[in-house]
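Any read-out appearing in this document is the output of simple, stated calculations on the displayed coordinates, not a laboratory observation. Note that the coordinates shown come from a computational prediction; the quantities given were computed from them, not determined experimentally. Here the Cβ positions follow ideal geometry from the backbone for every residue, glycine too, while neighbour counts run over all protein chains shown.
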C-alpha cells in the first residue's frame with residue numbers, strides 16, 4: 001500500500017474525495033485517508049455512464065472487507081466514463097488512489113463549484 | 001446460569017453496583033412515561049408445571065399430524081420421510097445451539113456445512129451461486145424481487161398466478177415497502193398463459209416470477225417463460241420445488257436468472273408449517289445483490305483446506321444502516337437438514353426419488369380420473385402433485401368432502417377454491433414416496449364415496 005500523500009494539483013472534498021480538473025471534465029476518486037480507513041477494497045459498484053452526480057451526494061459504492069460505503073461526489077455533473085479496470089482490479093483504489101484507482105470522469109455542470117473545494121494543505125490539516 | 005435459580009436481592013445489588021446504577025428501574029429511565037404500560041399484562045395467572053404440561057398436551061392433541069392420517073395434502077409442504085441420520089446430526093450441540101457466528105471463521109464446521117449446502121443447491125439448480133439459505137420459500141421470492149429492484153431500478157413485478165399464493169401475498173406485502181407493484185398473469189389450461197405473460201412484460205418490469213411445477217402441479221415451459229422476458233430489463237425468477245429438479249430441466253439451463261424455493265421437502269418435517277428454509281441461487285451477475293451470506297473454500301497459511309465467509313454484501317454488519325438483508329442466524333439448522341438429506345439420497349437417489357414420484361403421481365391421476373364425480377382440472381405433465389375437479393356445488397361442498405374423507409382416515413388434499421375462485425371445486429392432490437399404491441387406491445375409493453355422499457345430500461336438499 002502506498003504511503004500517505006495528498007497531491008497538490010488536486011482539489012479535495014471534506015468527505016475524503018479528490019477531483020482533478022481538466023477544463024470542464026473532472027476525474028474523481030477517494031483520498032489516501034479514505035482508502036486507508038476502508039481497508040482492502042474488494043469491489044467498486046460504479047454508476048452508469050450518463051448518470052448525474054450532485055455535489056455532496058452519493059454516486060457510487062465501494063466495498064471493503066470491513067464495510068460498504070457511499071462515495072460522495074465533490075462536484076455536480078454527468079458521468080462520461082467509469083474506470084472499467086476496477087472491475088477486475090479494485091485493489092488499485094488502495095495501491096494507487098490518485099492514479100490507477102480513479103473512479104469516474106464527470107462533465108461538470110458548473111465549474112465554479114470547484115471554488116468550494118479544499119486545497120491539499122487545508123484538506124490534510126482537517127484530518 | 002441455571003434456569004431454576006432465581007436472582008437474589010444480593011445478586012441484583014452486586015450487578016447494579018458493578019454498573020453504577022441504584023435500581024433496576026433506573027435502567028429503564030430512557031423509556032418515556034407516555035409509552036409505559038403501568039399495569040400488569042392481561043395474562044392468566046401462573047400454573048404449576050404439571051398443569052402446564054397437561055394444558056399443552058391438550059392443545060397439541062387438537063392438531064392432526066401427517067402421522068395420524070394418510071395425507072395427500074401438499075400445496076407447498078410435503079410429507080416426505082425424514083431419515084434418522086438427520087435427527088442425529090441436527091441434535092449435535094455444535095449445530096443445534098450456536099447463535100449466528102459474528103466471528104465466523106472460528107466455526108469451521110458451520111462454514112463447511114454452508115459451503116456444502118451451497119454446492120448442493122448450485123448442482124440442483126445449475127446456477128453458479130447459492131447463498132447459505134434464507135427463511136423460507138415465500139421470503140426467498142420476496143428477496144428475489146428486492147434483488148431485481150436493486151439491480152435494474154424498475155418497479156413492477158409480473159407474477160404468474162401459478163406462483164404459490166403465499167409467495168404472491170408476500171410479494172404484495174413487501175411491495176408496500178419496496179415501492180413496487182404486482183401484476184398477476186392468469187393460467188390457461190393449467191399453465192401460465194403465454195400470450196398474457198408476454199403482453200404483461202415491458203420496459204418497466206423489474207422481475208417476472210413463475211413456479212416450477214406451478215401451484216396446480218403442472219410443469220411449466222420454463223425456458224419459454226424466461227425467453228419472453230429476454231428483451232426487457234426484467235430479471236427472471238423461478239420458484240422451484242427442489243425434488244422435481246432432479247428430473248426437470250434446471251433453471252440454469254432455462255435462462256432463469258434467480259432460482260428460489262421452499263426447502264422443507266429436503267429433510268425437514270412438516271412441523272405444522274415450520275420452521276423450514278428457503279434456497280436462493282443466481283447467475284454470477286447478481287452475486288453482490290444477493291441477500292444473506294455465502295461461504296467459500298480456501299487454504300490457510302499452512303496450505304490446509306479451510307472455509308471463510310466470503311460474501312455478505314447486503315447484510316447489516318457490512319452495509320450498516322443501508323443493509324437490505326438481515327438473515328442473522330438464518331435457517332442454518334434447517335439448511336443443514338437439507339444438505340444431509342441430499343447427501344443421504346445421493347446423486348442417483350434423488351433422481352430415483354423424483355422418478356418414483358412421477359410414476360405414482362401418474363398412477364394416482366389415472367386412479368382418480370376413473371372415479372365417478374372426479375375429473376382432471378388440467379392435462380399438463382405433473383411430477384408430484386395434480387389438480388382435479390369434484391362434481392359438487394362449491395368450495396363449501398369440497399370442504400365437506402374433505403371432512404368426510406378425513407373421517408375415513410384419509411386427507412385427500414387441498415381445496416383449491418381457498419385461493420383460486422376460478423376453481424371453486426378444485427382439489428390439489430400431492431404424492432410422496434410415503435404414499436403407497438394401496439393408499440392411492442384407498443384414496444380413490446374414499447374420495448369417490450365422499451363425493452357421492454355429498455351429491456346425494458345435495459339432491460335431498462333440493463328435493464326437500
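Here is how the numbers come out for the structure above:
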{"quantity": "Convex hull per residue volume in Å³, alpha carbons only, for segment B:235-389", "calculated": "175 Å³"}
{"quantity": "For B:308-314, mean number of other protein chain Cβ atoms within 10 Å", "calculated": "2"}
{"quantity": "Antiparallel %, DSSP beta bridges [both residues in the protein assembly as shown], to 5", "calculated": "75 percent"}
{"quantity": "Evaluated over segment B:145-278, the Cα radius of gyration and Dmax, each in Å", "calculated": "14.3, 43"}
{"quantity": "Percent RCO, i.e. relative contact order, over segment A:32-127, from Cα pairs under 8 Å lying at least 6 residues apart", "calculated": "26 percent"}
{"quantity": "Gyration tensor verdict on segment B:211-317 (Cα atoms; rounded if a/c is under 1.5, prolate if a/b is larger than b/c, oblate otherwise)", "calculated": "oblate"}
{"quantity": "Rough spin-label spacing in nm, given labels placed 7 Å along Cα→Cβ, for residue B:9 and residue B:40", "calculated": "2.2 nm"}
{"quantity": "Segment B:55-181: equivalent-ellipsoid semi-axes (sqrt of 5 x gyration tensor eigenvalues, Cα, Å)", "calculated": "30, 26, 16"}
{"quantity": "Mean residue ellipticity (222 nm) of chain A, computed from DSSP H runs ≥ 4 via -39,500 (n - 2.57), nearest 500", "calculated": "-3000 deg cm²/dmol"}
{"quantity": "Cα Rg over Rh - segment B:84-342, Kirkwood", "calculated": "0.97"}
{"quantity": "Ordering of B:256-266, A:92-102 by packing [mean C-beta count within 10 Å, highest first]", "calculated": "B:256-266, A:92-102"}
{"quantity": "Whether segment B:195-246 is rounded, prolate or oblate, judged on the alpha carbon gyration tensor where a/c under 1.5 counts as rounded", "calculated": "prolate"}
{"quantity": "For the protein assembly as shown: span of alpha carbons on each principal axis (Å, largest first)", "calculated": "97, 72, 57"}
{"quantity": "Normalised alpha carbon radius of gyration of segment B:1-65 [divisor 2.2 N^0.38 Å]", "calculated": "1.76"}
{"quantity": "Pairwise centroid distance, computed over Cα atoms, of segment B:259-332 with segment B:339-398, Å", "calculated": "32 Å"}
{"quantity": "Antiparallel bridges, percent of DSSP beta bridges restricted to chain B (to nearest 5)", "calculated": "55 percent"}
{"quantity": "Burial ranking of peptide ranges B:287-293, B:418-424, A:84-90, B:188-194 (average Cβ count within 10 Å, highest at the top)", "calculated": "B:287-293, B:188-194, B:418-424, A:84-90"}
{"quantity": "Helical mean residue ellipticity (222 nm; -39500 (n - 2.57) per DSSP H run of 4+; nearest 500) of chain B", "calculated": "-12500 deg cm²/dmol"}
{"quantity": "Descending semi-axes in Å of chain B, equivalent ellipsoid built from Cα gyration tensor", "calculated": "41, 31, 24"}
{"quantity": "Where N is the number of residues in chain A, Cα Rg divided by 2.2 N^0.38 Å", "calculated": "0.95"}
